[in-house]
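Presented below is the structure to which this report refers.
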Amino acid sequence: MLKAKKTATPATRELHLLSQLSLAGDGQAAVSDLAAMDGQRRTAFLKLAHEHHVVIRSFQPLQTAASRAGASELEEWAASSLAGEQARIANALEFLDAICRELEAAGCPTTVMKSLDHWPDIGNDLDLYCEASQDATRAVFQQKFKATSQPRTWGDRLAHKCGYRIPGLRATVEVHHGRLGQTGEHRVMAHRFITRRVPVQIAGYTFNLPAPEERIIAATLQRMYRHLYMRICDVANTAALVESNQVDYAELRLAAKSGGIWPGTVTYLKIVADYIKQYRGHELLLPKSMTDAALLHGSSLFVRGPWLRVPVFPGVVSLYGWQMASMVLRGDVPGVVRLGLLPPLASMATLTYKLTGSPRGIW
């Protein structure tokens with residue numbers, strides 16, 4: 001877990017600072033550290049907050065604390081940073097509302113995934129799940145929004161994911177078509193993102209979002225089975241769902257088992273609970289039977305670059321094995337074939353990254 005020690009690396013110290021602000025709302029402790037930073041370090045800190053999708057949740061307590069401490073220059077910087085992010089969010093929400101309305105009108109029921117889970121922050125991309133054909137949704141984007149299609153990698157094609165750039169919208173829109181998972185291996189579980197979607201009001205708009213259980217499923221897939229690192233926003237988002245008593249754990253277990261990712265789900269929740277305890281001093285109220293079954297704890301995380309990394313061995317490898325075994329037992333041959341492509345594609349992506357600095361040719 002992150003510790004505020006003098007021997008800690010700058011990346012660890014700044015992640016700790018960002019966690020204090022966004023998870024504990026402790027701006028007072030951050031004022032002296034941030035006031036002492038030069039412009040370059042503050043820019044890097046703001047970038048870190050963007051990467052973890054917690055600009056609003058971290059800079060609001062910072063601005064308040066700076067005002068109380070009489071640190072006017074720091075207060076002005078925090079206010080300016082907040083204003084810039086709020087303008088980006090307003091732009092994204094306006095377009096997102098229009099996109100969802102046009103897709104629904106064209107007979108393409110759509111669920112907003114992940115992007116709005118971070119509220120009052122939002123993600124860098126706008127992620128949608130839709131079971132209409134790619135041709136049908138593409139027609140809406142091109143005819144209604146003059147969108148241009150983004151180049152698709154092998155990973156995008158396997159996962160049935162399409163990306164669009166729209167004039168005037170700062171974010172990229174990504175649409176997942178009927179499949180979820182790194183290689184598009186989940187179809188039954190993905191269908192729940194349409195059948196169980198719920199309307200949620202945000203900033204005067206109404207969006208269809210996944211049910212709380214599917215929001216945890218999406219976070220688990222992204223963190224434990226794809227990117228293999230945690231962000232502070234993931235911890236904050238999931239903790240908010242748990243603390244508001246919105247999660248039906250029996251339903252969550254049913255959904256996760258249908259995709260063979262129950263071990264990853266309980267492990268993800270355990271990591272979130274441990275991280276929250278460090279910064280808020282209290283446990284999340286999770287069923288003990290779940291946390292006892294976790295393969296990794298929060299102490300397993302380690303810092304590399306701007307991220308809280310999840311160890312590949314033995315944790316992630318075990319999760320992959322569980323998922324593959326579950327698909328074999330269910331007789332899900334297409335899922336097994338798709339998931340079986342993951343190791344060679346991951347190796348190719350690693351090699352490509354080492355040679356070119358970018359894995360985009362694969363993922």
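Among the residues of region 292-301, the ones that are within 21 Å of the chain's Cα centre (by Cα) and more than 14 Å from Val316 (Cβ to Cβ) come to 3 in all. Of all residues in region 311-334, those that are aromatic (Phe, Trp, Tyr) and either within 18 Å of Thr220 (Cβ to Cβ) or modelled with pLDDT under 80 (or both) total 2. Every condition in (1) open to solvent by 30 Å² or more (accessible area, probe 1.4 Å); (2) in a helix (DSSP H, G or I) is met by Asp26 except one, and the failing one is (2). The residue pairs whose first member lies in region 259-270 and is over 15 Å from Asp234 (Cα atoms), whose second member is among the basic types (Lys, Arg), and whose beta carbons are closer than 7 Å, counting only pairs six or more residues apart or on different chains, are Trp262/Arg253.
Taking every residue in region 127-151 that is more than 16 Å from Val112 (Cα to Cα) and pairing it with any residue that is basic (Lys, Arg), at least 6 positions away or on another chain, the pairs with Cβ-Cβ distances below 9 Å are Ala147/Arg138; Ala147/Arg165; Thr148/Arg165; Ser149/Arg138; Ser149/Arg165; Gln150/Arg165; Pro151/Arg360. Each residue in region 267-296 was checked for being within 18 Å of Arg231 (Cβ to Cβ) and among the hydroxyl-bearing types (Ser, Thr, Tyr), and 4 pass. Checked against (1) in a strand (DSSP E or B); (2) over 22 Å from Gly264 (Cα atoms); (3) open to solvent by less than 20 Å² (accessible area, probe 1.4 Å); (4) of a type outside the set (Gly, Ala, Ser), Asn208 meets all criteria but (3).
When His227 is tested against (1) at pLDDT below 95; (2) crowded, with 17+ Cβ neighbours inside 10 Å; (3) within 25 Å of Gly178 (Cα to Cα), just one condition goes unmet, and that condition is (2).
When region 228-250 is filtered for residues that are without any contact (Cβ under 8 Å) to a residue 40 or more places away in the chain and part of a helix (DSSP H, G or I), the ones remaining, listed by number, are Asp234, Thr238, Ala240, Leu241, Ala250.
Can you spot a residue in region 257-267 that is aliphatic (A, V, I, L, M), under 27 Å from Glu14 (Cβ atoms) and either open to solvent by 60 Å² or more (accessible area, probe 1.4 Å) or modelled with pLDDT of 95 or more (or both)? Taking every residue of region 257-267 in turn, none turns out to be aliphatic (A, V, I, L, M), under 27 Å from Glu14 (Cβ atoms) and either open to solvent by 60 Å² or more (accessible area, probe 1.4 Å) or modelled with pLDDT of 95 or more (or both). Within region 92-118, being of a type in the set (S, T, N, Q) and out of contact with any helix residue (DSSP H, G or I) (no Cβ under 7 Å at 6 or more places or on another chain) holds for one residue alone: Ser115.
Restricting region 40-61 to residues that are of a type in the set (A, V, I, L, M) and more than 13 Å from Ser19 (Cβ to Cβ) leaves a set whose member that is surrounded by the most Cβ atoms within 10 Å (Cβ to Cβ) is Val55. Out of the residues in region 335-351 that are open to solvent by 60 Å² or more (accessible area, probe 1.4 Å) and either at pLDDT 85 or above or hydrophobic (A, V, I, L, M, F, W, C) (or both), which is farthest from Gly259 (Cα to Cα)? The extreme case among them is Leu351.
The values are calculated or read from the model by the stated rules, or taken from the named source; none is laboratory data. Because the structure is predicted, anything quoted here is derived from the model rather than measured. Ideal geometry is used to build each Cβ from the backbone, glycine not excepted, and the neighbour counts take in all protein chains shown. Just the protein is used for accessible areas: all its heavy atoms, side chains included, with ligands, DNA and RNA removed. Shrake-Rupley method; radii C 1.70, N 1.55, O 1.52, S 1.80 Å.
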